[in-house]
DNA sequence: TTGTATGCGTTATCAC
DNA sequence: GTGATAACGCATACAA
């Protein structure tokens with residue numbers, strides 16, 4: 001029976017159809033208990049017949065704030081960020097909020113554009129994994145009053161919330177694991193160093209190496225141009241090209257995508273994993289466990305990261321006594337076949 | 001200098017600060033050419049100083065429609081859908097629209113909830129890969145006036161837009177490829193059959209099989225409970241358990257996740273791929289090409305699917321002469337090592 | 001219990 | 001070139 005006159009029916013039309021006033025319809029919507037059963041039923045019937053749908057923009061304009069959160073992820077091609085997003089969504093669902101998921105793809109201008117749009121939407125909070133935590137448009141956006149929470153990156157300053165995982169520690173445990181398994185020469189595969197996560201993981205690796213008095217040259221850095229499978233494959237190529245004497249028997253990759261690429265190259269080239277090359281990835285995305293040779297990886301609490309970020313943003317948005325908080329999680333090593341957990 | 005009095009400044013406050021009327025500020029925003037340079041600069045300075053940000057809800061209320069599109073995907077854990085989403089986003093970006101990305105996770109009630117929310121948001125159009133194309137809430141939502149486009153599933157009826165890929169054809173070319181490579185016995189791995197995509201791919205496989213007069217029993221159906229890596233692994237287990245005489249030398253999986261799981265099991269069990277077991281996947285997600293044994297897969301034009309869906313929704317939303325359209329793409333086989341493209 | 005009036009921030013129409 | 005004003009749909013304070 002929906003009257004498709006071109007525009008959706010409003011409370012006013014529902015009121016007319018039900019023979020009540022606009023205010024009563026609004027009451028049915030927002031405080032049903034205050035309306036008598038008979039009129040309420042009449043109104044509800046009218047809403048059903050007209051196909052009434054609340055107009056969220058009007059509610060929002062009236063309320064002054066939206067009922068949405070936003071997440072700007074760094075790389076839509078990396079499942080890690082989708083898992084973080086899932087965590088955010090679960091927290092948002094509990095609070096009955098929508099989530100805008102955006103993807104900067106590592107582009108600073110796309111990030112800025114998304115931020116701008118989200119500010120205009122008056123989202124309750126913006127969670128983002130920044131391209132560059134120091135970029136001016138972040139500080140600028142923060143001054144606009146919308147809570148901004150850094151995800152997977154600790155803020156440089158104490159004047160904003162952030163949730164991160166200790167990447168230096170992650171680098172340490174990855175290398176410690178390889179050392180425990182008796183490896184003498186290790187390659188760190190990852191780049192560019194402009195990415196904070198890469199820098200920190202490398203730093204952790206070097207710290208352990210130095211602390212144990214290993215020769216500096218035995219921790220080789222194989223830089224990559226990006227954190228992708230293709231770059232991992234290319235790194236494998238370069239690794240294979242090294243003279244056997246200098247070639248590391250183990251690789252620690254800055255993320256699982258690189259590790260998967262490296263693994264693919266190894267298998268294709270007939271290099272036995274972990275026998276001739278042990279591999280440790282980072283993030284523990286589902287595809288790491290699903291690889292032909294299941295990947296040892298440094299697990300980050302992906303969903304928890306998202307959930308916590310959402311909670312912090314929400315607190316900042318609604319709690320006047322909010323104190324900025326820098327949450328830091330600890331990564332954990334998940335040992336699998338790629339470093340010799342099982343024979344294969 | 002941003003005055004953080006708690007609420008964001010409005011055009012009215014900008015007008016006051018610049019010493020002009022509200023209408024002039026609006027003109028600066030929407031038709032700068034009609035404003036004199038000097039006043040425009042004065043207004044712009046005021047906006048910058050106050051940190052003015054347009055309120056999208058107010059614009060939207062005024063305009064009657066939002067500047068957003070939505071995509072409700074079926075399985076957030078499957079990269080295929082994220083690639084579709086990326087296609088949608090690229091089309092949306094061209095039209096200067098935002099995209100809400102939601103995930104039903106295969107749950108009919110979550111899908112319904114998302115639809116409801118999106119209707120309230122007055123999005124320009126809803127693209128979705130339905131849990132069940134025949135579910136009543138879809139028809140219900142369609143009657144609300146918001147364009148709904150089915151993605152990766154052809155509509156049962158002609159009264160709505162849809163974009164899909166010919167899954168029956170996809171099933172055919174997968175099996176034809178295996179037959180060309182000399183396989184006599186093939187397993188179809190996939191389920192549940194309540195999923196239309198699975199049904200159609202299986203049907204295509206059976207069609208070719210019958211047309212070529214192959215013994216029905218030689219096309220074995222290994223049903224799975226879901227389209228996941230874990231289920232693929234489990235199917236591998238069952239496959240390995242078959243007596244050698246009946247065991248197929250090739251498997252066609254209903255999607256790449258299953259294929260990846262199957263591959264993992266094979267490699268772990270020392271089954272040579274493709275020597276002892278050839279594998280064909282479906283979707284050609286990036287991880288298929290990145291597998292240890294690169295997977296042969298049936299490619300769907302994922303991004304194109306998304307882009308087309310977005311275009312159709314937008315046309316339906318804005319063009320009064322809109323005609324519903326059922327776009328159907330053709331899948332293509334991408335042959336790789338898992339069916340013996342290269343020695344390994 | 002129900003009805004009336006006001007304002008949220010923006011845009012567009014009309015005088016000036 | 002600029003300013004006043006109405007309207008979008010809803011929620012609420014207040015009047016009846």
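The values are calculated or read from the model by the stated rules, or taken from the named source; none is laboratory data. What you are looking at is a predicted structure, and each value in this text was computed from that prediction instead of being measured. Heads up, the Cβs are rebuilt from the backbone with ideal geometry, glycines too, and the neighbour counts pull from every protein chain shown.
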*Condition check for residue A:28: buried (at least 22 other Cβ atoms within 10 Å of the Cβ), assigned to a helix (DSSP H, G or I), away from DNA strand C (no atom under 16 Å from the Cβ) and more than 9 Å from chain B (Cβ to nearest Cβ)*: no
*asked:* Can you pull out every residue in region A:65-76 that is surrounded by fewer than 22 Cβ atoms within 10 Å (Cβ to Cβ) and farther than 22 Å from residue A:93 by Cβ?
replied: A:75
*Please note which helices (runs of 4 or more DSSP H) are completely contained in region A:103-186 and include at least 1 residues that are assigned by TED's automatic domain parsing to the domain that holds residue A:254 and farther than 22 Å from residue A:318 by Cα.*
A:167-180
*Restricting attention to region A:69-92, does a residue exist that is assigned to a helix (DSSP H, G or I), more than 14 Å from DNA strand C (Cβ to nearest atom) and not assigned by TED's automatic domain parsing to the domain that holds residue A:121?*
no
*Picking from A:150, A:179, which residue would you name as being modelled with pLDDT of 95 or more, surrounded by fewer than 24 Cβ atoms within 10 Å (Cβ to Cβ) and within 19 Å of the chain's Cα centre (by Cα)?*
A:150
*Residue satisfying all of: in region A:31-64; within 14 Å of chain B (Cβ to nearest Cβ), surrounded by 16 or more Cβ atoms within 10 Å (Cβ to Cβ) and in a loop (DSSP other than H, G, I, E, B); nearest to DNA strand C (Cβ to nearest atom) among these*: A:55
_Take the residues in region A:290-307 that are within 20 Å of the chain's Cα centre (by Cα), within 14 Å of chain B (Cβ to nearest Cβ) and buried (at least 22 other Cβ atoms within 10 Å of the Cβ); name whichever of them is nearest to residue A:255 (Cα to Cα)._
A:302
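Each row is one residue, and each column tells you yes or no for (1) crowded, with 22+ Cβ neighbours inside 10 Å; (2) in contact with a strand residue (DSSP E or B) (Cβ under 7 Å, 6 or more places away or on another chain); (3) part of a loop (DSSP other than H, G, I, E, B).
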| position | (1), (2), (3) |
| --- | --- |
| B:207 | no, no, no |
| B:213 | no, no, yes |
| B:220 | no, yes, no |
| B:237 | no, no, no |
| B:240 | no, no, no |
| B:264 | yes, no, no |
*Does residue B:22 satisfy being within 14 Å of another protein chain (Cβ to nearest Cβ) and closer than 30 Å to residue A:54 by Cβ?*
no
_Exactly one of these conditions fails for residue B:310: (1) farther than 30 Å from residue B:69 by Cβ; (2) under 21 Å from the mean Cα position of the chain (by Cα); (3) more than 14 Å from every other protein chain (Cβ to nearest Cβ). Give me its number._
(1)
